[in-house]
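Novice: Questions regarding the structure given below will be posed in turn.
The values are calculated or read from the model by the stated rules, or taken from the named source; none is laboratory data. Owing to the predicted nature of the structure, the values given are computational and were not obtained by experimental measurement. Every residue, glycine as well, gets a Cβ built from its backbone with ideal geometry; the counts of neighbours run over all protein chains shown.
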Amino acid sequence: MVEEATQGLHSTAGHRKIYHTETPSSLSEIEDHKLPYIDIPIVEVQRVLGKGLVKGSIVLLGGDPGVGKSTLLLQLLGKILDQDFAGSSLYVSGEESAQQIKMRASRLGVSNDQLLVYAETNLHQVLTQIEKIRPQIVVIDSVQTLYSPDISSIPGSISQVREVADQLVRIGKQNHIAIFIVGHVTKDGNLAGPKTLEHLVDTVLHFEGEREQPCRILRCLKNRFGPTDEIGVFEMAGDGLVEISNPSELFLRERPDKTPGSVVFPTLEGSRPILVEVQGLACQSSYGVSLRNAVGFDKNRLTMLLAVLEKRAGIVLSNYDVYINVVGGLRLFEPAADLAICSAILSSVTNNSISSTMIVFGEVGLSGEIRTVRQQDLRLKESSKLGFKEALVPFKKEAPLDAFRLQLTPLNSVIDLLDHIGNKNTIDS
Ligand code: TYD
Ligand code: MG
């Protein structure tokens, strides 16, 4: 049962009226309306949001506790206020004291006087201050720590989280205030609260990364004002988040030379090609059951690819434990990664290293056929730019054997892969 607020200072009833029109009208009768954007001086965030932050829009920023949400937003506010920006921002924290926020701000080099910090958990107080100050941007950190006195359940419960978000959406829309709402979401979905807010807000961002690794990725899961397929890449450093404008360098930085099982795959994140190292490890299983494990790749798809390798290319791996690791914390969802996964496994099992100047992409079908993937040219171009010289690619009739100064090796089927992994052309001598 979920408790709902029925009365109180800021009742929910008003909020549903925000989008109301008097009567139904045809599209041509509705006036055009240009969206007012606030420019975001952090390229990696701007890219994810599309054209910028829309005034009056509500953005939910989710992510694991400790991933860097507060850091990102504090840096963002600092940067926005430092540009010629008419207006103030309010940073509401229910998690940290004003002193703690100040310490963090000085560490991050944020010192603008237009940034107001407010440590408070009572929603009514927060709403009152927003109405009084009328900031252009508000950050609520986090939705789980605020509570409405109209509801008796504890902060962070579903009814509280929903009521808090509802009220924030109302006040943001009515006053054209852009509001960032931070929500902690754990991988196992334990704190499912913020998930239930996704339909209420305009934009849902997710900040991800392993706490032990420096790489952080900002992903857009929903955007009413733009595309959702771009990502922003950051590195967590001692003085906050640093933008990574060329992520391939980050992902390939520590790539070992001449090691079996390592291959480079040009993936596409939105419109941006990023080169990542895919690692495979196949070793004889010691217990009756062989293990399959993947970090950064779908485990079910890995199992499928192993079945294809067995049935179509005769590579039997049932006595082997097989591991896949996508280096750097990136997750590959594209079928285009299939051929790279197969290559990494084959390279490991045959103990042949793949040339360090080679990239691999292609989708693998159940018949073992290798299929073309979207935006091949973009992938090849980027690989060439980063100094790669050869590519294993899907076969295409009458396609030239070189492109962008890369030598191409077209493959029809996973059987062809056997000729190239373990063959002189692909091994570092
Ligand atoms: P934080 O923004 O507090 O995470 P969240 O709000 O998502 O819970 O960041 C947490 C971690 O980031 C913290 O454990 C330490 C690290 N960190 C740095 O490495 N460098 C920095 O400059 C800052 C501010 C944090
Ligand atoms: Mg925080």
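Novice: Taking L268, is it surrounded by fewer than 21 Cβ atoms within 10 Å (Cβ to Cβ) and either assigned by TED's automatic domain parsing to the domain that holds S353 or out of contact with any Phe, Trp or Tyr (no Cβ under 9 Å at 6 or more places or on another chain) (or both)?
Specialist: yes
Novice: Something else: Would you be able to tell me the number of residues in segment 347-392 that are of a type outside the set (D, E) and closer than 12 Å to F265 by Cβ?
Specialist: Qualifying residue count for the region: 12.
Novice: Quick check on my filter: what residues within segment 111-120 are of a type in the set (S, T, Y) and surrounded by fewer than 16 Cβ atoms within 10 Å (Cβ to Cβ)?
Specialist: The one that is of a type in the set (S, T, Y) and surrounded by fewer than 16 Cβ atoms within 10 Å (Cβ to Cβ): S111.
Novice: Within segment 285-302, does at least one residue satisfy the condition of being touching a Leu at 6+ places or on another chain (Cβ under 8 Å), in contact (Cβ under 8 Å) with a residue 40 or more places away in the chain and of a type in the set (A, V, I, L, M)?
Specialist: Within segment 285-302 (the criterion being touching a Leu at 6+ places or on another chain (Cβ under 8 Å), in contact (Cβ under 8 Å) with a residue 40 or more places away in the chain and of a type in the set (A, V, I, L, M)), the answer is no, since none of the residues qualifies.
Novice: Considering only residues that are within 15 Å of V349 (Cα to Cα) and crowded, with 20+ Cβ neighbours inside 10 Å, which ones fall in segment 303-316?
Specialist: Across segment 303-316, the qualifying residues are L305, L306, L309, I315.
One line per residue, one yes/no per condition, for (1) out of contact with any Leu (no Cβ under 9 Å at 6 or more places or on another chain); (2) surrounded by fewer than 20 Cβ atoms within 10 Å (Cβ to Cβ):
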{"site": "E363", "(1), (2)": "no, yes"}
{"site": "S367", "(1), (2)": "yes, yes"}
{"site": "S384", "(1), (2)": "no, yes"}
{"site": "F388", "(1), (2)": "no, no"}
{"site": "P400", "(1), (2)": "no, yes"}
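Novice: Looking at S97, S89, S28 in this structure, which one is farther than 21 Å from I177 by Cα, out of contact with any Gly (no Cβ under 7 Å at 6 or more places or on another chain) and more than 16 Å from ligand 2 (Cβ to nearest atom)?
Specialist: Of the residues listed, the single one that is farther than 21 Å from I177 by Cα, out of contact with any Gly (no Cβ under 7 Å at 6 or more places or on another chain) and more than 16 Å from ligand 2 (Cβ to nearest atom) is S28.
Matching residues to (1) surrounded by 21 or more Cβ atoms within 10 Å (Cβ to Cβ); (2) under 18 Å from E95 (Cα atoms):
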residue: G109; (1), (2): no, no
residue: L127; (1), (2): no, yes
residue: R134; (1), (2): no, no
residue: V139; (1), (2): yes, yes
residue: S153; (1), (2): no, no
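Novice: Name the single residue, out of those in segment 274-290 being among the small types (G, A, S) and surrounded by 17 or more Cβ atoms within 10 Å (Cβ to Cβ), that is modelled with the highest pLDDT.
Specialist: By that ranking, first place goes to G280.
Novice: Ok, one more. Looking at D39, D84 in this structure, which one is in the same structural domain as C215 (by TED's automatic domain parsing) and touching a Gly at 6+ places or on another chain (Cβ under 8 Å)?
Specialist: When all the criteria are applied, what remains is D39.
Novice: Okay, next question. For segment 328-344, check the following and say yes or no: at least one residue is farther than 30 Å from I244 by Cα, crowded, with 17+ Cβ neighbours inside 10 Å, in contact with a helix residue (DSSP H, G or I) (Cβ under 7 Å, 6 or more places away or on another chain) and touching a residue at least 60 places away in the same chain (Cβ under 8 Å).
Specialist: No, there is no match, as no residue in segment 328-344 is farther than 30 Å from I244 by Cα, crowded, with 17+ Cβ neighbours inside 10 Å, in contact with a helix residue (DSSP H, G or I) (Cβ under 7 Å, 6 or more places away or on another chain) and touching a residue at least 60 places away in the same chain (Cβ under 8 Å).
Novice: Every residue in segment 359-390 that is out of contact with any Phe, Trp or Tyr (no Cβ under 8 Å at 6 or more places or on another chain) and among the β-branched types (V, I, T), please.
Specialist: Correct list: V364, T372.
Conditions tested, residue by residue: (1) out of contact with any Leu (no Cβ under 8 Å at 6 or more places or on another chain); (2) away from ligand 2 (no atom under 15 Å from the Cβ).
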site: V48; (1), (2): no, yes
site: G52; (1), (2): yes, yes
site: L60; (1), (2): no, no
site: G68; (1), (2): no, no
site: L73; (1), (2): no, no
site: L81; (1), (2): no, yes
site: D84; (1), (2): yes, yes
site: I101; (1), (2): no, no
site: S142; (1), (2): yes, no
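Novice: Using beta carbons and a limit of 8 Å, which pairs, at least six apart or on different chains, have the first residue in segment 250-262 and closer than 13 Å to G328 by Cα and the second one among the hydroxyl-bearing types (S, T, Y)?
Specialist: Hits for this filter: R255/S262; R255/S356.
Novice: Please determine whether any residue of segment 186-200 is in contact with a strand residue (DSSP E or B) (Cβ under 7 Å, 6 or more places away or on another chain) and within 13 Å of ligand 1 (Cβ to nearest atom).
Specialist: Checked against the condition, which is being in contact with a strand residue (DSSP E or B) (Cβ under 7 Å, 6 or more places away or on another chain) and within 13 Å of ligand 1 (Cβ to nearest atom), segment 186-200 yields at least one hit.
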